[in-house]
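Here is the structure we will look at.
The values are calculated or read from the model by the stated rules, or taken from the named source; none is laboratory data. Just so you know, these numbers come straight off a predicted model, no measurement behind them. We place every Cβ from the backbone using ideal geometry, glycine too, and count neighbours over all the protein chains shown. Just the protein is used for accessible areas: all its heavy atoms, side chains included, with ligands, DNA and RNA removed. Shrake-Rupley method; radii C 1.70, N 1.55, O 1.52, S 1.80 Å.
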Amino acid sequence: MGSAEDASLDELARRVSAARAATEARGETFYQGASRVHLAAFPPRERWDDWVELSSRAWPAREERHYMLVPTTCFNCESACGLLAYVDRDTGQVRKFEGNPEHPGSRGRNCAKGPATLNQVTDPDRILYPMRRSGPRGGGGWERVSWDEALSALAARIRAALAEGRHNEIMVHIGRPGEDGYTERVLASWGVDGHNSHTNVCSSGGRTGFQFWMGIDRPSPDHAHATVIYLISAHLESGHYFNPHAQRITEARANGAKVIVLDTRLSNTATHADYWLSPQPGSEAAINLAIANHLIQTGAYDREFVRRWWNWAEYLTECHPGTPVTFEAFEEILAGLYADVTFEFAAAEAGLDAGVLAEVAAVVAGAGHRFACHSWRSAAAGNLGGWQVSRTLFLIAALLGAVATEGGTFPNAWNKFVPRPIHVPPHPGVWQELSWPLEYPLAQNEMSFLLPHFLADGRGRLDTYFIRVYNPVWTNPDGLSWMEALCDEDKVGCFVALTPTWSESAWFADYVLPMGHGPERHDTHSYEQYDGQWVGFRQPVLRTARSRLGTPVSDTREVNPGEVWEENEFWIELSWRIDPDGSMGIRQYHESRERPGEKLTVDEYYGWMFSRSVPGLAERAAAEGLSPLDWMRRYGAFEISRGRGAVHEQEVPAAELYDVSVSPLGRVYSAAPPAADPNIVPAGTPPHDEDGRRPAGVIVDGVVRHGFPTPSGRLEFWSSTLAAWGWPEHALPGYIRSHVHPSRLAAGQVVLLSTFRLPTQIHTRSANAKWLDELAHTNPVWIHPADAARFGVGRTGDLVRVETEIGHFVAKAWITEGIRPGVVACSHHMGRWRLDGGPRGAGGMMATVGLSRGDDGWQMERRGSAGPYESADPDSQRIWWTDTGVHQNLTFGVHPDPISGMHCWHEAVRIRPAAPGDQHGDIAVDTRKARQVYREWLALARPAGQVSPDGTRRPHWLMRPLKPSAAAFALPAADRDLP
Ligand code: SF4
C-alpha cells in the first residue's frame with residue numbers, strides 16, 4: 001500500500017473534501033446542480049444553450065466555438081453516467097462528450113469510456129443501412145434493403161407465428177439492456193414470453209445470494225459514508241456501477257475508510273486496498289464465513305437487529321422442532337453453526353495466512369453499521385456455488401446490522417426508481433422453456449447460454465430471433481456451438497441483429513438493422529449508486545438540439561447518421577405492422593392516448609411518464625416554466641429523493657391495509673387497494689400469495705412494518721424456498737466447494753480466471769472506439785514466475801497453449817507476481833475476429849481469421865492482424881498495434897450452476913509452451929466434447945418436476961424480468977408425475 005500515486009490521489013480527495021467543507025461553511029454551495037461537487041470547469045447550466053470555448057487548434061488565435069450542451073446517458077456500461085454532448089452550433093455535429101454535472105449518480109464525472117462515445121458515433125466501420133443476407137447464411141453475401149422491406153418481412157413472420165400459436169418461437173435476446181423495461185413491455189404486448197438476457201453469463205451468481213436474503217437481487221452499498229468497504233470485485237476500476245461507486249469509495253478513503261479487496265489477481269482495485277487478499281479461486285465464501293464466525297463467537301454482532309429482522313423464528317420452527325422459539329435458543333444454535341469455519345479452516349481453503357484473516361475480521365467487526373460491501377461477477381460468476389459468495393458476504397452485513405444504514409448496504413430497489421409507462425400490457429400466458437427450462441426452477445435469470453444445446457436437443461425452435469446489444473458467439477462460453485445453431489435454419493428460422501456494429505454474431509444474421517449508440521436513442525435509467533433515487537434520460541442529442549433550434553424532429557432517423565434508427569421507434573413501428581388493424585390486441589399498447597388511433601410517439605411516451613410517474617418532477621419543471629419532458633431533455637437526470645434510510649423499518653399505514661390476514665410468524669397480507677392496477681409491480685414490491693393477495697408488511701415487536709419482499713418479510717438467514725425446492729442442504733449461508741477446488745483438479749491442472757474486465761473496454765461495442773483500443777487491445781495470460789518455470793515458459797511474450805476440456809487457445813504469456821501461484825488469468829475482453837472476406841467490423845480490434853472443421857473439430861487460425869487501414873477517419877492509418885488478443889471463451893464448455901443457473905466461468909486448464917506451428921490467437925474446439933460437458937452439468941440439476949412443492953415450475957415470488965401469468969407457472973401435466 002501507499003504508492004506515490006495513492007498518496008497524491010488521497011491528497012487530492014482530501015483537498016476536495018476540505019474545499020467543500022470550507023465552501024459550505026461560508027454558506028455557499030458547490031455546483032448548484034444535482035452533483036453538488038466542485039469542479040470549476042463545469043459550464044453553468046444557464047449557459048448551456050450557447051456555451052463558448054476557444055478552439056485549441058486555432059491557438060494562439062482566440063477563435064470562439066459556440067456549443068449547445070445537450071445531456072444524454074452513456075451506454076458503455078450499466079452505470080448509466082450522465083454525458084453532455086457539445087453540439088457545435090455552426091456544424092450541427094457533436095464535437096465532444098463530457099460529464100453532466102446535473103446527474104446525481106455520476107456527478108459530472110466519467111471513465112474513459114464515456115468521452116470515447118464520440119469514437120462510436122464517428123466510427124468509420126459502423127453499420128449505416130439495413131442489410132439483408134443474400135446467399136447462404138454466414139456466406140458473407142449482403143444487400144441493402146429499406147426499413148420498409150425489413151419491417152414488413154419481420155412483421156409478417158411474427159404475425160404468422162402468433163396466429164398459429166407459435167408464441168414461443170419469438171425471442172428477443174438482450175445483452176446490456178441499457179433501459180428499464182421497454183423491451184419487456186413490447187414482448188408482453190405481443191403476448192410472448194420471449195425475453196432472454198445475458199445475465200446468467202454475467203451476474204446471476206452474485207444476484208442469487210442477495211435475492212435469497214433480501215428478496216431483492218442487488219446490493220446498494222453506501223460507500224461514501226462507510227468506514228469499512230469490502231469488495232469481492234474490482235470496483236475501483238471496472239466493477240458494477242464503476243465510476244459512480246469508484247468516486248464514492250475514493251471519498252470514503254479520503255475520510256479514513258479501510259478498503260478490503262478479495263481478488264486473486266492484483267487488480268488496480270487491489271492496489272488501492274488496505275487489505276488485499278488473493279485467495280484460491282472459489283474459497284471466498286469460506287473467508288466470509290470465517291469472518292462471520294468471528295463476529296458470532298465474539299458477540300460482535302448487532303443482537304437487536306438480528307432479533308428483529310432475521311427469520312430465525314421460522315428457521316427454528318422448521319429445522320429445530322421441539323426447540324423453544326426464542327432468540328436465546330437461536331443464538332445458542334447460531335454459535336455452533338459456523339464454529340468449524342475457523343480462520344485456520346478458511347486459510348487452508350484460501351491458501352492465505354490465518355493471522356491475516358483474523359486481522360481483517362477485526363477490522364470488519366469495528367465497522368459497526370458502516371460496512372459497505374459488494375460482490376457481483378468475479379468469484380460469484382466463476383465458481384460452482386458462487387452464489388454463496390454473495391450470500392455469505394451479506395451474512396456479514398446482516399450480522400453487523402449494516403443494512404440500509406448510513407455507510408451500510410441497502411437493497412437496490414430502495415435506491416432505484418422505475419417510472420410507470422403509458423401502457424402496461426398484461427403478463428403473457430405462455431412459458432418459454434428454452435429460456436426457463438424445468439431443470440432450473442431457481443435460476444436467477446434465463447438459461448441463455450444453454451440455448452444452442454436446447455435447440456440441439458430438439459426442445460424447440462425459433463422462428464424469429466432478435467439480438468440487441470448482444471454478441472452471443474463472442475460473449476458466451478462455447479461460442480462455436482452458438483455458431484452451429486445460428487447457421488441451422490431449421491433451428492433458427494430468421495435471425496435479426498439489431499446492432500450499430502458488425503460482430504462475430506451479426507455475420508450469421510439474416511437481417512442486420514442499424515441501431516443508434518448512446519447519444520442516438522431514447523431510454524430511461526435508474527440505478528442504485530448511493531442512498532437516493534434518480535431517473536436518468538438517454539436521448540438522441542441532435543434531435544433535441546435541432547428541436548431546440550426550432551426544427552422539430554419526429555423520427556430519429558432524420559438526425560442519425562445514414563439510416564440508423566432507435567429501438568423504441570422501431571418496436572412501435574414493428575408492433576403496428578404485426579397488428580395493423582388492432583384485431584390482435586397488440587396495437588393498443590403502441591397507440592397514442594392523445595390521438596386515439598394514431599401511433600404513439602416517443603415524445604408522448606416519455607412525456608406521459610415524466611409528467612405522471614416521477615414524483616416531484618412536474619413541480620420542478622414548472623418552476624422553470626418547462627414541461628417535465630423538456631426539463632429532462634434539458635438536464636438529463638432528476639433526483640427524486642435522498643436519504644431513503646431503513647425502508648424496512650417504516651410502519652405500514654393502516655389506510656394501506658385492506659382485508660388483512662396474518663401468518664403465524666407475522667407476515668401481513670392485504671388485499672390489493674381498490675384502485676391498484678394488478679399489472680404494476682414496482683421493483684421491491686412483495687409477491688402475491690396464491691389468493692392474489694399481496695404481502696404488505698411484517699409484524700415486528702407488535703408493529704406492521706414494511707419489511708423485505710421475501711416470503712417471510714424478514715431477511716432470510718434460512719431460505720424456505722431453497723429448502724422446499726430441493727436444496728435443503730444449502731438453505732443457510734454456506735460454503736460450496738467449487739468445480740475448480742484444488743481437490744478437483746487433475747494432475748498438472750491449474751485454475752484459469754477468465755471473468756475480469758479491463759477498465760477501458762466493455763464487451764463488444766467498445767472495440768469500435770479508437771481511443772479505447774489504443775489504451776487496451778490485448779489479453780495475455782497472467783502466469784506467476786514459479787508457474788512459468790514449472791510450465792517451461794521462459795519469458796513474457798512467449799506463446800503458450802491453454803488446454804481446456806473442449807479444446808485449446810494459444811496466447812502470449814505475461815509473467816507476473818500479480819497472480820497467485822497455481823492460478824492463471826486472462827481477460828475476456830479481447831480476441832475479436834472477423835472471418836476472412838467479411839466486413840472490417842472494428843478495424844483496430846479485429847483479427848482476420850480462417851475457420852475450418854476437421855475430424856478433431858473446429859480450427860481457427862489467424863490470417864491477418866489489426867493494422868493501419870484507409871477509411872473516412874485518418875486515425876485509422878495510425879494504428880500502431882497488431883496484437884488484439886485471443887478469444888478464449890470459444891474454448892470453454894458450459895457450466896450451469898444447478899441452483900443459480902450462472903455459468904461458472906473458471907476453467908481447470910493445462911498450460912504448455914506452444915507447439916511447433918502454433919500461432920497467437922489459434923483456437924481448437926470440439927463441439928462434440930462441448931455437448932458432453934453440457935450433459936454432465938445438466939445432470940447436476942434438480943428439475944421442477946422432481947422438487948416442486950406446489951406443482952409450479954418456479955417459486956412465484958422469485959424475480960423474472962418478464963413474468964408470465966400465474967397460470968403459466970403450472971407444471972405441465974406430464975412433468976408433475978416425475979419421481
Ligand atoms: S462508468 Fe464509464 S462506461 Fe460506465 S456509464 Fe460511466 S462513463 Fe460510461
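Looking only at residues that are among the basic types (Lys, Arg) and more than 16 Å from the ligand (Cβ to nearest atom) in the range 56-97, which one is least open to solvent (accessible area, probe 1.4 Å)?
65
Within the range 909-929, identify whether any single residue is part of a loop (DSSP other than H, G, I, E, B), of a type outside the set (D, E, K, R), open to solvent by less than 10 Å² (accessible area, probe 1.4 Å) and modelled with pLDDT of 95 or more, and answer yes or no.
Step one: list which residues in the range 909-929 are part of a loop (DSSP other than H, G, I, E, B), which gives 914-922, 926.
In the following step, the residues that additionally are of a type outside the set (D, E, K, R) were identified as 914-917, 919-921.
Filter once more, so that each one left must be open to solvent by less than 10 Å² (accessible area, probe 1.4 Å): 921.
Now narrow it down to the ones that are modelled with pLDDT of 95 or more: 921.
Looking for residues that are part of a loop (DSSP other than H, G, I, E, B), of a type outside the set (D, E, K, R), open to solvent by less than 10 Å² (accessible area, probe 1.4 Å) and modelled with pLDDT of 95 or more, one finds at least one in the range 909-929, hence yes.
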Checked 337, 316, 352, 289 against criteria (open to solvent by 20 Å² or more (accessible area, probe 1.4 Å) and either under 19 Å from residue 719 (Cα atoms) or at pLDDT below 95 (or both)); the one match is 337
For strands (runs of 3 or more DSSP E) lying entirely in the range 460-562, having 2 or more residues that are among the charged types (D, E, K, R) and under 21 Å from residue 195 (Cα atoms) picks out 462-468
A careful count of residues in the range 750-782 that are open to solvent by less than 10 Å² (accessible area, probe 1.4 Å), out of contact with any helix residue (DSSP H, G or I) (no Cβ under 8 Å at 6 or more places or on another chain) and either within 16 Å of the ligand (Cβ to nearest atom) or among the polar types (S, T, N, Q) (or both) gives 1
Yes/no for residue 399 being under 26 Å from residue 719 (Cα atoms) and either under 18 Å from the mean Cα position of the chain (by Cα) or surrounded by 23 or more Cβ atoms within 10 Å (Cβ to Cβ) (or both): yes
Reported set for the range 933-951 where residues are surrounded by 14 or more Cβ atoms within 10 Å (Cβ to Cβ) and either part of a helix (DSSP H, G or I) or more than 28 Å from the chain's Cα centre (by Cα) (or both) is 933, 934, 937, 938, 944, 945, 946, 947, 948
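Assess whether residue 322 counts as being outside any helix (DSSP H, G or I) and without any contact (Cβ under 8 Å) to a residue 40 or more places away in the chain. So that I can check it myself, show each step before the final result.
Details: outside any helix (DSSP H, G or I): yes; without any contact (Cβ under 8 Å) to a residue 40 or more places away in the chain: yes.
Yes.
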* On the given criteria, is residue 160 away from the ligand (no atom under 16 Å from the Cβ), among the aliphatic types (A, V, I, L, M) and surrounded by fewer than 18 Cβ atoms within 10 Å (Cβ to Cβ)? -> yes
**Asked** Just to be sure, is residue 389 surrounded by 24 or more Cβ atoms within 10 Å (Cβ to Cβ) and touching a helix residue (DSSP H, G or I) at 6+ places or on another chain (Cβ under 8 Å)?
**Response** yes
Considering residues that are surrounded by 24 or more Cβ atoms within 10 Å (Cβ to Cβ), in contact with a Gly (Cβ under 6 Å, 6 or more places away or on another chain) and not aromatic (Phe, Trp, Tyr), the number found within the range 445-472 is 1
Considering the range 245-270, residues that are in contact with a Pro (Cβ under 9 Å, 6 or more places away or on another chain) and farther than 9 Å from residue 224 by Cα, and then whichever is farthest from the ligand (Cβ to nearest atom), we arrive at 264
Of the residues in the range 581-611 that are of a type in the set (A, V, I, L, M, F, W, C) and part of a helix (DSSP H, G or I), the one that is nearest to residue 638 (Cα to Cα) is 610
For the range 101-110 the number of residues that are near the ligand (Cβ under 10 Å from one of its atoms) and open to solvent by less than 20 Å² (accessible area, probe 1.4 Å) is 3
If you go through 796, 848, the only one that is of a type in the set (Ser, Thr, Tyr), open to solvent by less than 20 Å² (accessible area, probe 1.4 Å) and either free of Cβ contacts under 8 Å to residues at least 40 places away in the same chain or not in a loop (DSSP other than H, G, I, E, B) (or both) is 848
Just one listed residue, out of 235, 167, 225, is farther than 27 Å from residue 515 by Cα, in contact with a helix residue (DSSP H, G or I) (Cβ under 9 Å, 6 or more places away or on another chain) and open to solvent by 30 Å² or more (accessible area, probe 1.4 Å), and it is 225
Restricting the range 368-383 to residues that are open to solvent by less than 10 Å² (accessible area, probe 1.4 Å) and either among the hydroxyl-bearing types (Ser, Thr, Tyr) or part of a loop (DSSP other than H, G, I, E, B) (or both), the one modelled with the highest pLDDT turns out to be 383
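Look through 212, 242 and report the one residue that is among the aromatic types (Phe, Trp, Tyr), open to solvent by 10 Å² or more (accessible area, probe 1.4 Å) and either more than 19 Å from residue 448 (Cβ to Cβ) or more than 16 Å from the ligand (Cβ to nearest atom) (or both).
242
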Output for Cβ contacts, cut-off 9 Å, separation at least six or different chains, first residue at positive phi in the range 113-135, second more than 16 Å from the ligand (Cβ to nearest atom), reads 135/141; 135/142
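Kindly establish whether residue 121 is of a type outside the set (S, T, N, Q), within 16 Å of the ligand (Cβ to nearest atom) and open to solvent by less than 50 Å² (accessible area, probe 1.4 Å).
For residue 121, the condition - of a type outside the set (S, T, N, Q), within 16 Å of the ligand (Cβ to nearest atom) and open to solvent by less than 50 Å² (accessible area, probe 1.4 Å) - is met.
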Expected output for the range 554-569 (first residue basic (Lys, Arg), partner assigned to a loop (DSSP other than H, G, I, E, B), Cβ below 9 Å, 6+ apart or cross-chain) is 557/563; 557/564; 557/566
Practice item. Evaluate the following for residue 254: is it over 17 Å from the mean Cα position of the chain (by Cα) and of a type in the set (Gly, Ala, Ser)? Key: yes
A careful count of residues in the range 166-200 that are in contact with a His (Cβ under 8 Å, 6 or more places away or on another chain), among the basic types (Lys, Arg) and modelled with pLDDT of 95 or more gives 1
Expected single match for in contact (Cβ under 8 Å) with a residue 24 or more places away in the chain, part of a helix (DSSP H, G or I) and open to solvent by 30 Å² or more (accessible area, probe 1.4 Å) among 974, 967 is 967
Scanning the range 247-275 residue by residue, the ones that are closer than 23 Å to residue 382 by Cα, without any contact (Cβ under 8 Å) to a residue 40 or more places away in the chain and open to solvent by 10 Å² or more (accessible area, probe 1.4 Å) total 0
**Prompt:** What about residue 811, is it of a type in the set (A, V, I, L, M, F, W, C), surrounded by fewer than 20 Cβ atoms within 10 Å (Cβ to Cβ) and more than 21 Å from residue 124 (Cβ to Cβ)?
**Reply:** no
